[in-house]
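Below: the structure, in structure tokens.
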Amino acid sequence: MANVLILFSHKLTEEQEKDLKNQGVDSFIFMPENLKNLWGNVPPELKSLKDFSKNFIDWIKENSKEGDYLIIQGDYGLTNILVDFSFKNGLIPIYSTTERIHQDIKLPDGSVKIVKTFKHKIFRRYEKWED
């Protein structure tokens, strides 16, 4: 059985947990609060995220084994670094895909309220481009 390390700043939905269990995941490992706070607040002025990513890479090394999954969703640059790290270390990087449902509700005053609902569909593996 595999573990899944969660690298994003919100909680898994019941539907996402069920999907992961159906894929053979038996243990969910969440980032500690200090890393979760860093994950949600990547400094936009940093020209490079290599040093910033070290805390996450150390945490991944301490909490994973080859064949484990990593859900990675967040800052594009940081995500890219950690997906690359995952491929190089025998880990399986994945992300959640969603169906977006838009609903327009006409209000009595003539305005329109737009409701957007995001529904989990699957976890998709990150892929490498190969010719």
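The values are calculated or read from the model by the stated rules, or taken from the named source; none is laboratory data. The structure displayed is predicted, hence computed values, not measured ones. Neighbour counts are summed over all protein chains in view; Cβ atoms, including those assigned to glycine, are modelled from backbone coordinates with ideal geometry.
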Restricting the range 80-118 to residues that are part of a strand (DSSP E or B) and in contact (Cβ under 8 Å) with a residue 24 or more places away in the chain, the one surrounded by the fewest Cβ atoms within 10 Å (Cβ to Cβ) turns out to be THR97
When the range 87-122 is examined, which residues are found to be out of contact with any Asp or Glu (no Cβ under 9 Å at 6 or more places or on another chain) and among the hydroxyl-bearing types (Ser, Thr, Tyr)?
TYR95, THR97, THR98, SER111
Considering the range 5-43 alone, what residues qualify as being closer than 22 Å to GLU62 by Cα, part of a loop (DSSP other than H, G, I, E, B) and of a type in the set (S, T, N, Q)?
SER9
Go through the range 120-131 residue by residue and tally those that are free of Cβ contacts under 8 Å to residues at least 60 places away in the same chain and assigned to a strand (DSSP E or B).
3
Here is a list of conditions, (1) under 22 Å from GLY90 (Cα atoms); (2) surrounded by 12 or more Cβ atoms within 10 Å (Cβ to Cβ); (3) touching a residue at least 12 places away in the same chain (Cβ under 8 Å); (4) of a type outside the set (Asp, Glu), and TRP39 meets all of them except one; can you say which number that is?
(1)
Where residues in the range 62-79 are among the charged types (D, E, K, R) and either touching a residue at least 12 places away in the same chain (Cβ under 8 Å) or in contact with a Pro (Cβ under 7 Å, 6 or more places away or on another chain) (or both), which of them is nearest to LYS21 (Cα to Cα)?
ASP68
Do we have any residue at all in the range 93-104 that's of a type in the set (Lys, Arg) and closer than 24 Å to LYS128 by Cα?
no
Within the range 79-122, which residues are among the small types (Gly, Ala, Ser) and either farther than 25 Å from ILE6 by Cα or modelled with pLDDT under 95 (or both)?
SER96, GLY110, SER111
Report yes if ASP51 is over 24 Å from THR117 (Cβ atoms) and of a type in the set (Asp, Glu), otherwise no.
yes
Note on LYS61: of the conditions (1) surrounded by 14 or more Cβ atoms within 10 Å (Cβ to Cβ); (2) outside any strand (DSSP E or B); (3) not polar (S, T, N, Q), unmet is (1)
As an exercise: evaluate LEU70 against (1) surrounded by 14 or more Cβ atoms within 10 Å (Cβ to Cβ); (2) out of contact with any Ser or Thr (no Cβ under 6 Å at 6 or more places or on another chain); (3) at pLDDT 95 or above and give the number of the one condition it does not meet.
(2)
